[in-house]
1. Pairs of Cα atoms under 8 Å, at least six residues apart: use those to get the relative contact order of segment 129-368, whole percent.
2. Among Q22, W91, G36, whose Cα lies farthest out toward the positive end of the dipole of segment 7-92, if unit charges sit on the beta carbon of Lys, Arg (+1) and Asp, Glu (-1)?
3. Under the rule a/c < 1.5 gives rounded, and otherwise a/b versus b/c splits prolate from oblate, where does segment 218-356 land using the Cα gyration tensor?
4. So, with +1 on the Cβ of K and R and -1 on the Cβ of D and E, and no other charges, what is the size of the charge dipole of segment 229-358 about its Cα centre, to the nearest 20 debye?
5. Hey, what's the per residue convex hull volume over the C-alpha atoms of segment 129-368, in cubic angstrom?
6. How big, in percent, is the set of alpha carbon pairs in the chain lying more than 28 Å apart?
7. Rounded to the nearest 500, what is the chain's calculated 222 nm mean residue ellipticity when only DSSP H runs of at least 4 contribute -39500 (n - 2.57) each, over all residues?
8. With only Lys, Arg, Asp and Glu charged, each at its Cβ (+1 for the first two, -1 for the last two), find how big the charge dipole of the chain is about the Cα centre; round to the nearest 20 debye.
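Read the figures in this text as sums done on the coordinates, not as results from a lab. Only a predicted model underlies this, so the values are computations on that prediction, with no experimental measurement involved. Backbone-built Cβ (ideal geometry, glycine too); neighbour counts: all protein chains shown.
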Amino acid sequence: MAPAPRAAIGAPQLDRALGDWQRAGQGPAYRALAGGLRTLVLDGRVPVETRLPAERELSAALGVSRTTVAAAYELLRDEGFLASRRGAGSWTALPAGRPMPVAGLSPFPTDGGGVIDLGVAAMSAPEPWLSEAMAHAVAELSGYTRTHGDFPAGLQVLRQAVADRYAARGLPTAPEQIMITSGAAGGLSLLLRQLLGPAERVAVESPSYANALQAFRFAGGRAVPVPLLREGWDLEAWSRTLRDAAPRLAYTIPDFHNPSGLLMSEEERRELVAAARSTGTLLIADETMAELCLDPGLVGSMPRPMAAFDHSGCVVTLGSAGKTFWGGLRIGWIRATAELVRRLAADRASLDVSSPVVEQLAVARLLDPEVLPEVLDFQRERVRAQRDALVAAMRADLPDWNFRLPSGGLSLWVRTGPGLSGSALATTAQRHGVWIGSGPRFGVDGVLERFVRLPFAQPAEVSREAVRRLAAAAATLGSAPVGAATPTSEVTLL
């Protein structure tokens, strides 16, 4: 039996999303309408399992005959992009057997033989600061070696350093509100174990961070996508989803969103927190990119953390040293109520017990107010140069690919050229020596097929070579139809 719809879209909203779908040369009106609706699904702007308006309602909104809408719906049903049931209406779907690509979700094997890894948005370590911090940590280690070494909530010195950093960003925080975790991924896993029951809903942005979406699936949760607009968050859609879908949790990346690079304004944060509070939804704010502001004029005026607008404990914050400093540290943190931190620490004994002491001491050193500004200046300057090099190469070698210039973060969210499938491109790109993440990895149901994520975490010369290889891969694909399914053998790379 086909799954029931998870959300609905009204005729006026769908009319706006379709835009100018009746362009000259599109053929019969019903085919043009079906093509527009298909594109909305593949781009993720209308999520899979969204109920579409009734034929009569949509025909009135579009100013076309009901016959046109009925024929378009019938074509989409034949193609597998629409499912219907008597009494339940029609809702968006994907063709049966459509494979989910795996390219770019994990780091490429280190013995990859010259393949450039653009799948992972993470940088090499900032030196000499990291080595100096590790030396400092080893010198401090003797103060902890007389203990058992297990600190489920984290070392007090690091909890205090993280709390102080929140305070400096406009969010007064006590160390009792901080729990140190094995990276942000470890923090998210702890939260899901504690807070998410089987088949409970999680509202997420579309696109969203691929590994977080995977974590929700492994935890047995059901992600409910809320499409991002080009200019930012659709707060009307968020309010409607929180009200109608009643998700247990909501997950958002407000600071230099991964993968789009968008930055949520303070007013948007205030409004989203209010919507979550009104529906009893716990809001997880992933701030792992918050320190990577690349606009010098914005550094001193960044929006306050989302929890600054929360006075009821409905916001839990994830942070990490991985993007700011180096992923090899594997140190992250949760900011929550002191009561939730105590519950998480008690639950941790059955997972990973605690985080390594030396790495915690090193991160505490890197967060020292006498060290941190210099490290951040270095990181931001090199990431900015890498971003600009990647952008210049894209504009020179792939001028018909579209993206917005992000003011922070580590990646470009790129709409590929006409007729290019992100999944097919990822497969072909590996054969040309470059590893990328295709758009469907960042969506809930295999949509976003026209997109790829391209991190600017590599040195400039490496990014330029990667773009040359991407251009060569794209040239071999020509104008393969975006909606066409790729054989499973073509997308299973490892």
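1. On the way: 434 pairs, mean separation 74.0, N = 240.
Dividing the mean separation by the residue count of segment 129-368 yields 31 percent.
2. With unit charges placed on the Cβ atoms, the residue in question is W91.
3. Working: a/c = 1.67, a/b = 1.10, b/c = 1.51.
Oblate shape, in that a/c is at least 1.5 and b/c is the bigger or equal ratio.
4. On the way: 14 positive and 17 negative charges, 96 e Å.
It works out to roughly 460 debye.
5. Measuring per residue, one finds 115 Å³ for the Cα hull of segment 129-368.
6. Details: 66758 of 121771 pairs.
When all Cα pairs of the chain are counted, 55 percent exceed 28 Å.
7. Details: 17 runs with 199 residues, N = 494.
Value at 222 nm, helices only: -12500 deg cm²/dmol.
8. Numbers: 50 positive and 50 negative charges, 269 e Å.
Dipole about the Cα centre, nearest 20: 1300 debye.
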